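Mind looking over this structure? Questions follow.
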Amino acid sequence: MPDSTESTTGRAVVHVAVGVISNAAGEVLVSLRPNHVDQGGRWEFPGGKVEPGEDARQALAREIAEEVGLRIESAHPLIRLRHEYPTRSVLLDVWRVGAYHGEAHGREGQRLAWRAPQTLDPADFPAANPPIITAARLPPLYLITPEPAPGHDGFLARLECLLDAGIRLVQLRAKSLGAAEFRGLAREAIAVCRTRGAQILLNADPELSLSLDADGVHLSGERLARLSARPLPAGKWVAASCHDRHQIERAGRVGVDFIVVSPVRPTHSHPGMPPLGWGGVRELLDTAVIPAYALGGLGPTDLESAWEAGAQGVAAIRALWEAAGDLAPIRATAEPG
């Protein structure tokens, strides 16, 4: 996203560095805005304005130390978005803080709280914050299953192995199966994910996802094009595959929670489609206000590049499903933080 100092409305853009800080229990730190300030009485993620001569990372470290008394040891980009309030334009540079020192306390007299991301109500936060809350709830890795071989025992056993290694978000994609066989496999995969605290989206008709009580639906580009409104209620994930800016804009209008942009590199699943490269991913996500995963020839070792390009993380099929016996890289990167 360009660091323009002027918004499309002609107003100066206030550049803000924001931290999503997690504790050992997976809760995130939020603070209550004083009643007398703009958006007063609402919860927010700690942070503040980027001052002249600072970059976002430097501003984040300074603001977090000044506001809540923590010294950041490591952090990586999470999501970057613009928002137009009635009286001002903001550019939110949001970082996930992975390690820090100190005990959080309101150094400016503000109330602090540690909350599980799933319990955060967007209505309690400033209008620009819902995508940040969504990003905070999502892990850095999104597993997409390959086409299952005949018989599902090996498929389900492999899924269990990857869940035990730390995968927490799964897309069941099985285009080769008939309706009845897909439904049966989906039931079993949902049960496996439930027992291990993972969430599973079906790459299928949204109604099927609802009837099986999956955690959500993943829309293909074709399904996305046919929709004019969000197909599932709040509390269920709606994701979509996007290959260009038009599809990303449509996903925003439909109310999609997160997207997958692809292909970053040449892949068997997208033959003939020119790869985006990291520059193309960055360009596509410049104006996106939805968390995004990068897909296409990627794996856990590409997370740093994905974050720098503005993505939430990496979606992968083969690099995760066919990982060698040592699953340590997955364990090290599967959880937020």
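What tally of residues in segment 101-132 results from selecting those that are in contact with a Ser or Thr (Cβ under 8 Å, 6 or more places away or on another chain) and surrounded by 14 or more Cβ atoms within 10 Å (Cβ to Cβ)?
Count: 3.
With respect to V238, determine if the residue is closer than 21 Å to S209 by Cα and among the β-branched types (V, I, T). Outline the logic, then answer.
Values: closer than 21 Å to S209 by Cα: yes; among the β-branched types (V, I, T): yes.
Judged against the criteria, V238 is a match.
Confirm whether R96 is of a type in the set (D, E, K, R) and in a strand (DSSP E or B). Before the answer, list the steps.
Working: of a type in the set (D, E, K, R): yes; in a strand (DSSP E or B): yes.
Criteria met by R96.
Let me ask something else about it. Does segment 328-337 include one or more residues that are buried (at least 16 other Cβ atoms within 10 Å of the Cβ), at pLDDT 95 or above and touching a strand residue (DSSP E or B) at 6+ places or on another chain (Cβ under 9 Å)?
Residues of segment 328-337 buried (at least 16 other Cβ atoms within 10 Å of the Cβ): 329-330, 333-334, 336-337.
Still in the list and also at pLDDT 95 or above: none.
The answer is no, given that none of the residues of segment 328-337 is buried (at least 16 other Cβ atoms within 10 Å of the Cβ), at pLDDT 95 or above and touching a strand residue (DSSP E or B) at 6+ places or on another chain (Cβ under 9 Å).
Among the residues of segment 20-47, what is the count of those that are small (G, A, S) and part of a loop (DSSP other than H, G, I, E, B)?
Within segment 20-47, residues that are small (G, A, S) and part of a loop (DSSP other than H, G, I, E, B) number 5.
Please find, within segment 295-311, the residue that is farthest from A75 (Cα to Cα) out of those that are out of contact with any strand residue (DSSP E or B) (no Cβ under 6 Å at 6 or more places or on another chain) and open to solvent by less than 10 Å² (accessible area, probe 1.4 Å).
Of everything passing the filter in segment 295-311, G296 is farthest from A75 (Cα to Cα).
Starting from segment 120-131, keep only residues that are under 18 Å from R80 (Cβ atoms), then list their pairs with residues that are open to solvent by 60 Å² or more (accessible area, probe 1.4 Å) whose Cβ atoms are within a distance under 7 Å, requiring at least 6 positions of separation or different chains.
Listed pairs, sorted by first residue: F125/R42; P126/R42; P131/V289.
Select from segment 141-165 the residues that are in a loop (DSSP other than H, G, I, E, B) and open to solvent by 10 Å² or more (accessible area, probe 1.4 Å) and write down the one among them that is nearest to L320 (Cα to Cα).
By that ranking, first place goes to P146.
The values are calculated or read from the model by the stated rules, or taken from the named source; none is laboratory data. None of the values given here were measured: they were computed from a predicted structure. Using ideal geometry, Cβ is built from the backbone for each residue, glycine included, and neighbour counts are taken over all protein chains shown. For the accessible areas, the whole protein counts, side chains as well, though only heavy atoms, and no ligand, DNA or RNA atoms are used. Shrake-Rupley method; radii C 1.70, N 1.55, O 1.52, S 1.80 Å.
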